[in-house]
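What follows is one structure encoded as structure tokens, with my remarks underneath.
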Amino acid sequence: MKHAPASEAEILAELAATEVEVQIRGLMLDPVTNMPIVVLKDVASDLVLPIWVGVFEANAIALELEKTATPRPMTHDLLRNLARGLNASVEKVVVSDLKEDTFYATIWLRQGNEQVAMDARPSDAIALALRFDCPIFVAKSVLGRTRQQVGADSDVNLNPDELKKWLENLNEDETGGYKM
């Protein structure tokens, strides 16, 4: 017996069961490496996920969080304008995988009745999600692997539970004032 192909709604419902919605809890500098960190927090729990990003990507995220206009469009603004010019929108972004300490993301675009998934760096996906005011998700499988690995290769002498507590107890000064 052949099964009917799953509808788009059924596929999206199945994906939603495997994803956790997050918000940006903060944008800060790693005290050891001085690299920017985007701290994502599960909207339904105290679970946090730090993602180390590049300086330029952190700047793109910070500009949008602060709603700072630039004289000329930055790269993520250009992408937003391009998508809008093509009558497309970003529906959501998903931090979808973690391989060899590198996070991967997917940007879900819609143009009319067509939905397209595009591979992206999480920092770029987050910067674009902010510009489209769309939800950000993390795959549950990524969260499971991250909890086991957070702090494992860090130069900081914190075990994963201590690192989690440190991230959860950040104040506004430490997160750049982006407390959610």
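The values are calculated or read from the model by the stated rules, or taken from the named source; none is laboratory data. Everything numeric here is computed off the predicted structure, so don't read it as measured data. Here Cβ is always computed from backbone atoms with ideal geometry, including for glycine, and neighbour counts include all displayed protein chains.
Tabulated data for the structure shown
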quantity	calculated
Cβ-Cβ under 9 Å pairs, at least 6 apart or on other chains, region 103-123 side polar (S, T, N, Q), far side in a loop (DSSP other than H, G, I, E, B)	GLN111/LEU86; GLN111/ASN87; SER123/VAL53; SER123/GLY54
Check on THR102, under 17 Å from LEU49 (Cβ atoms), polar (S, T, N, Q) and at pLDDT below 95	yes
Cross-chain or 6+ apart pairs with Cβ under 8 Å, region 128-147 first and in a helix (DSSP H, G or I), then buried (at least 16 other Cβ atoms within 10 Å of the Cβ) and of a type in the set (Ser, Thr, Tyr)	VAL142/SER96
Of all residues in region 49-95 being among the small types (Gly, Ala, Ser) and either crowded, with 20+ Cβ neighbours inside 10 Å or touching a His at 6+ places or on another chain (Cβ under 9 Å) (or both), the one that is farthest from ASN113 (Cα to Cα)	ALA58
Filtered residue count, region 136-156, keeping only those that are surrounded by 17 or more Cβ atoms within 10 Å (Cβ to Cβ) and modelled with pLDDT of 50 or more	7
Enumeration of residues in region 96-105 that are surrounded by 20 or more Cβ atoms within 10 Å (Cβ to Cβ) and touching an Asp or Glu at 6+ places or on another chain (Cβ under 8 Å)	PHE103, ALA105
Any hit, region 157-176, residues being in contact with a helix residue (DSSP H, G or I) (Cβ under 9 Å, 6 or more places away or on another chain), modelled with pLDDT under 95 and under 24 Å from GLU66 (Cα atoms)	yes
Residue in region 83-90 that is at pLDDT 90 or above, under 16 Å from the mean Cα position of the chain (by Cα), within 17 Å of PRO135 (Cβ to Cβ) and of a type outside the set (Val, Ile, Thr) present	no
